[in-house]
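Please treat every number below as a calculation from the coordinates, not as lab data. None of these values were measured; they are calculated from a predicted model. Heads up, the Cβs are rebuilt from the backbone with ideal geometry, glycines too, and the neighbour counts pull from every protein chain shown.
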Amino acid sequence: MIIITNKPERLSGELIMPGDKSITHRALIFGALAKGITEIKGYLDAEDCRSTIKCLRRLGVNISARRGRLLVEGRNMQMAESAKVLDAGNSGTTARLLLGLLAGQPFSAVVTGDISLQKRPMRRVVEPLRQMGATFKGEGEQLPLNISGGKLKGIRYSSSKASAQVKSAVLIAALFAEGQTVYDEPYLSRNHTELMLSDFAAEIKSRGSQVTLEGPQNLKGRQVLVPGDISAAAFFMVAAAINPGAEVLLKNVGINPTRSGIIDILKNMGTDLIIQNKRIWGSEPVADIMIRGGAKLHGIKIDGEIIPRLIDEIPAIAVAAAAAEGKTVIADAGELRVKESDRISAVTSQFTRMGMAVTETEDGLIIEGGSRLKGAEVNSMGDHRIAMALAVAGLAAEGETAVHDAEVIKISFPGFIPALRSLVNKG
Ligand code: S3P
């Protein structure tokens, strides 16, 4: 449990963001598949990425940590058979990308996860991987899944969802497949897989929301410098935006346009936010972000193509919306119901306790801004991003907020509380 008692005078300071979770998973998996050594600098050391490391080690991949870097000894596309179950823990990315990798291996394996992950939908990856030639025992709706890989063929696949996990599973399998795979999605989801596969010497073409990869292909190990996680930065962006007088500099944040919807939204709501020192790490754009609090925020409509660009930031955005003037309507975000928790119902139930005027809809939220937040007993609902959003709301609230089951923050950001505290103490 974490308790937030004081309403800080002023938030100020500089923070270096932890490594991006999505990019760390991909660097590990592509490093494992590649020929040669992959060195990963600035990686995220948190539970979800540890789950990926654990699963890859079970498949015979040597991964070691040396002087703040991870060294992955690639197995040139061929994993070792594991009699043991591969446990993805709480990590949807681990489970789904791993299934893509296993689809190309000539053996059977079982993938499972924790109670939350066992409830999350897997048909979305099972269906295309079956079409490519992988075999699954049973219905294939949820974990645990027993997959038998082998000879794969390229497919044309139009996903009904903009999902980077599904896209990545199919593209990883496509590396093993004979012939062309063409993958389409309704809106472009995060494109780290496409960018990094190309960095690992794969030939891959992207046009709009369509990706084409001709298999089979091999990967070459390389150095990866992981940008800071914009999904972690989101909590501090909002904390600063709603705190009058705040001055917070977030350094080394990945600002890939497929992830940076929160920047667009906070700016459109009226936040004083400046992007500085823009540069490129590998194929990923990185910048420092300065936020000054106290500007008048106003409600906004958030729907359509921007949703996949900020899907993980919606719990944080809800806190900004509560501090704004007027109504914020979030729609087309039904995917929130199948994340680490049902985030639509978690935001509604927990923030209501703090006095937020929030109503849930089938695919989103309606937040009436301007209500005064008050401290309360709230619960993370087992979801790291809900826990961090509640802590940020607690900072802005009158009175004491206790966030129960906040230990789950370690899933993506073990250093979150000390980082937040450092901003408060400098106030
Ligand atoms: C992720 C993709 C997103 C996101 C998740 C991480 C990834 O999910 O919500 O936290 O690393 O590919 P989708 O698969 O729904 O895009």
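Data overview
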item: Choice from Ser231, Ser189, Ser345 showing the highest fluctuation, given a GNM over the chain with Cα pairs closer than 10 Å; result: Ser345
item: Between region 208-253 and region 111-155, the Cα center-to-center distance that results, in Å; result: 28
item: Built amide H within the under 5 Å cut-off of Glu178, gap 5+; result: Leu152, Lys153, Gly154
item: Protection proxy ranking of 150-159, 211-220 - average other beta-carbon atoms within 10 Å, highest first; result: 211-220, 150-159
item: Shape category assigned to region 1-129 from the gyration tensor of Cα positions, a/c cut at 1.5; result: oblate
item: Nonlocal amide H pairs with Glu377, under 5 Å, H built at 1.01 Å; result: Ala402
item: J(HN,Hα) series, region 281-297, from Karplus relation 6.51 cos²θ - 1.76 cosθ + 1.60, nearest Hz, glycine and proline x; result: 10, x, 10, 10, x, 9, 7, 9, 10, 9, 10, 10, x, x, 5, 5, 9
item: Region 21-225: C-alpha gyration tensor shape, a/c 1.5 cut-off, then a/b vs b/c; result: rounded
item: Ranked His25, His404, criterion: other C-beta atoms within 10 Å, fewest first; result: His404, His25
item: Estimated distance in nm for a label pair at Gln210 and Lys7, the labels positioned 7 Å out from Cα along Cα-to-Cβ; result: 5.5
item: Lys, Arg +1 and Asp, Glu -1 on Cβ, resulting dipole of the chain about Cα centre, debye, nearest 20; result: 1060
item: Potential lengthening between Glu127 and Glu14 on full extension [0.36 nm per residue; Cα-Cα distance subtracted]; result: 36.2 nm
item: Ordering of 113-119, 43-49 by burial proxy (mean other Cβ atoms within 10 Å per residue, highest first); result: 43-49, 113-119
item: Amide hydrogen neighbours beyond the local backbone of Asp114, cut-off 5 Å, H modeled; result: Gly89, Asn90, Ser91
item: GNM result for the chain, Cα springs below 10 Å: residue of Ala323, Ala331, Ala173 fluctuating most strongly; result: Ala331
item: Region 276-427: C-alpha gyration tensor shape, a/c 1.5 cut-off, then a/b vs b/c; result: rounded
item: Size of the chain as Cα extents on the principal axes (Å, biggest first); result: 60, 43, 39
item: Separation of alpha-carbon centers, region 1-40 and region 278-348, rounded to whole Å; result: 18
item: Gaussian network model of the chain, springs between alpha carbon atoms under 10 Å - residue of Lys41, Lys167, Lys278 with greatest fluctuation; result: Lys278
item: Relative contact order [Cα under 8 Å, 6+ residues apart], the chain, whole percent; result: 18
item: Simple label model, 7 Å out from Cα along Cβ direction - Glu305 to Glu325, nm; result: 3.1
